Amino acid sequence: MSDSISRYTTANGAPVPHDDISVTAGERGPLTFDNWRLFEKLAHFNREQIPERVVHARGSAAFGTFRLTRDLSDLTIADFLRGVGRETPVVARFSTVAGGQDSADNLRDVRGFSLKFYTEEGNWDMVGNNTPVFFIREPSKFPDFIHTQKKDPRSNLVNWQNRWEFWANHPQSFHQVTILLSDRGIPYSYRHMNGYSSHTLSLYNAQGERAWVKWHFKTNQGIRNLTDEQAETVGTDHHQRDLFRSIEQGDFPSWTVKLQVMTEEQARHYHINPFDLTKVWPHADFPLMEIGQLELNRNPDNYFAQVEQLAFSPSNFVPGISGSPDRVLQSRLWSYADAHRYRLTVNYQQIEVNRPRCPVSNYQRDGLMAAAAPLGEAREGGQYASTNFYPNDRAVEGAPVPDAMVAEPPMPLEQDAWVGYHDNRDEDNFSQAGELYRLFDESQRERLARVFATTLQDVTASVCQRVIAQCYAADSDYGRRVEQAWRTGADESDAAEQTLNNF
Ligand code: NDP
Ligand code: HEM
């Protein structure tokens, strides 16, 4: 065989003599048991799939760079946020939320906006969405909410009755529902949408001062959306094709990165709970401060290895960046790594696309699919000290020791705080939805009302009435318009006999 041709081998590296023919007992006889090459091939094929993400299963990713344009030393010790011009490699994954891998890109849904910054002090994951708020402020509602967005367990079809029943019973969703049903509910592509941390996160500096921050990623391609009718014409792979092609053609998408910053003192007195995920911080009170540019300029080489195995977690912080008391964020700090351990095994952070680009040195050992073998001694580039316990006397030999300097400042509690069930269900569910509605022009309002009417068409009257009441609570024109559109739609579809059977 010539040197230029690569040999076909089995997984153990042995050359394969034939791949079009199996071993049989005679020309017309059965397979023999020594067909180990065939058995390996079939067995591996049976195991090609792993569990898909329980949400955000369908997505696209690309690699790129974050470049800092404003030094943030005043706010944070985060290494990659100090020094104008500093560049950090990133991987971004965009996704739809409710559908499985086999669903479609062109659906009305929130889009995921996840970034992994491969910093020199560890990976920082910003796991946000293309909306500045979320459907819930209480984490225990997440599984219920997602069940209603996914396919109905009996019909295996999307069921608007389920969706609206959840929203009717959870007015805290109304701000996000307004965004979802507005023009931004179906982005033209992943390149034409903004990203948001949605949650309040924090930065802390060398003096131990903490600032609360919200992250905004503003598309430089401009916001572009699809109406329901347009969405039907673009094809189900539209987002993947659009992102992949533009990068292949050298037309690299980019986002301007901005922060809103609130001091701890401001947070104590601000009239809005700064940690309520269903609310934004109005720009007039907390203006956006530009800090960098994000560009995506390289497509993955292998979708499974680099996209399906990508694992983001809001708990992947680096020194200088931390969380906040937002209840939903707090629960996410636990939930994602748990999901990864199930989906990708306990050593998911050793998979190439998740692997930090800085030394990893600790006393975690072994486990399923452990690829990073602790070396006999600590070495540059492969810092897995041979010692497997801490504390020890081997620091001079390179055994890792904690660094108290990176500790985050203590999280303040409210005065006289008590542990128990604090009901937050009625924390002003409507004001900001009303403010958003009042930003819409006449045609946006009309389209919004039409989407309400269409999706409410086969939904029970009692749910519709509660939904319309929510629209009125946000803005009387909003309520009137949706009610009118719904009544017209209901007349047209003879919905007097509304039933639960909306398949
Ligand atoms: P501003 O007038 O300063 O900001 C309005 C914001 O609304 C802009 O960021 C704009 O985004 C965004 N927007 C426009 N159309 C839509 C839509 N269909 N869906 C989602 N966002 C949209 O007002 P405030 O800061 O006082 O906020 C008023 C309302 O604007 C909020 O209640 C919230 O619903 C919405 N909003 C606020 C954001 C914030 O961080 N303050 C962020 C995003 C939305 P762009 O500039 O990209 O066009
Ligand atoms: C994915 C849980 C709220 C954004 C996931 C996954 C889980 C999960 C288990 C799959 C992880 C994986 O298998 O890789 C939760 C829970 C939430 C919550 C329990 C609330 C209690 C949110 C919010 C946002 C968000 C508020 C955005 C602000 C995302 C994104 C992904 C994701 C973008 C996809 C990440 C990727 O691209 O791999 N979530 N989530 N989630 N979630 Fe959440």
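Here, each number is a calculation from the coordinates, and none is a lab measurement. These numbers come from a predicted model, not from an experiment. For neighbour counting, all protein chains shown are included, and Cβ atoms are generated from backbone atoms with ideal geometry for every residue, glycine included.
The table below gives the values:
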{"item": "Backbone HN-Hα couplings from phi across segment 402-407 [Karplus 6.51/-1.76/1.60, Hz, Gly and Pro as x]", "result": "x, 10, 4, 4, 8, 4"}
{"item": "The chain: relative contact order as a whole-number percent, Cα under 8 Å and 6+ apart", "result": "16"}
{"item": "Net charge over other residues, Cβ less than 13 angstrom from the Cβ of Ser431 (K, R count +1; D, E count -1)", "result": "-4"}
{"item": "FRET efficiency for Asp301 and Ser6, using Cβ-Cβ distance with R0 set to 25 Å, rounded to 0.05", "result": "0.90"}
{"item": "Order of Lys41, Lys141 under a 10 Å beta carbon neighbour criterion, fewest first", "result": "Lys41, Lys141"}
{"item": "Radius of gyration and maximum dimension Dmax of segment 431-498, Cα, Å", "result": "11.7, 36"}
{"item": "Extension gain from Thr233 to Ser331, taking 0.36 nm per residue of separation minus the Cα-Cα distance", "result": "31.4 nm"}
{"item": "In nm, spacing of pseudo-spin labels at Asp34 and Glu352 (7 Å Cα→C-beta vector)", "result": "3.6"}
{"item": "Phi-based couplings in Hz for segment 231-238 (Karplus 6.51, -1.76, 1.60; Gly and Pro marked x)", "result": "4, 5, 8, 8, x, 6, 9, 4"}
{"item": "Environment charge of Trp164, counting only residues whose C-beta is closer than 12 Å and scoring Lys/Arg +1, Asp/Glu -1", "result": "0"}
{"item": "Cα-projected label distance for Lys151 with Glu408, points at 7 Å along beta-carbon direction, nm", "result": "3.9"}
{"item": "Label zone at Leu42 (point 7 Å along Cα-to-Cβ), backbone N below 12 Å, segment 1-35", "result": "22-23, 31-35"}
{"item": "Modelled FRET efficiency - R0 22 Å, His283 with Arg224, Cβ distances, 0.05 increments", "result": "0.55"}
{"item": "Net charge of Cβ neighbours under 15 Å - reference Ala14; Lys, Arg +1; Asp, Glu -1", "result": "0"}
{"item": "Two-decimal log10 I(q)/I(0) for segment 95-189, as the Debye equation yields it once each C-alpha is a single scatterer, q = 0.22 Å⁻¹", "result": "-1.25"}
{"item": "Karplus 3J(HN,Hα) series, Hz, for segment 338-346 with 6.51 cos²θ - 1.76 cosθ + 1.60 (x for Gly, Pro)", "result": "5, 4, 5, 4, 6, 7, 10, 6, 4"}
{"item": "Exceeding the 22 Å Cα-Cα cut-off - candidates Lys141/Lys279; Lys151/Lys218; Lys116/Lys218", "result": "Lys151/Lys218"}
{"item": "Cβ-based exposure ranking for Met369, Met289, Met1, in which fewest neighbours within 10 Å come first", "result": "Met1, Met369, Met289"}
{"item": "Computed FRET value (nearest 0.05) for Glu248 with Ala417, which takes r as the C-beta separation and R₀ as 60 Å", "result": "0.65"}
{"item": "Which of His147, His271 has the fewest Cβ neighbours within 10 Å, and the rest in rising order", "result": "His271, His147"}
{"item": "Sites excluded, GluC sites (Glu not before Pro) in DSSP loops with at most 12 other C-beta within 10 Å, longest stretch of the chain", "result": "49-351"}
{"item": "Average silhouette area of the chain, convex hull of alpha-carbon atoms, in square nanometres", "result": "32.4"}
{"item": "Distance in nm between pseudo-label sites at Tyr270 and Glu446 (7 Å out along the Cβ direction from Cα)", "result": "3.7"}
{"item": "Value of [θ]222 nm, deg cm²/dmol, for the chain, DSSP H segments ≥ 4, -39500 (n - 2.57) each, nearest 500", "result": "-8000 deg cm²/dmol"}
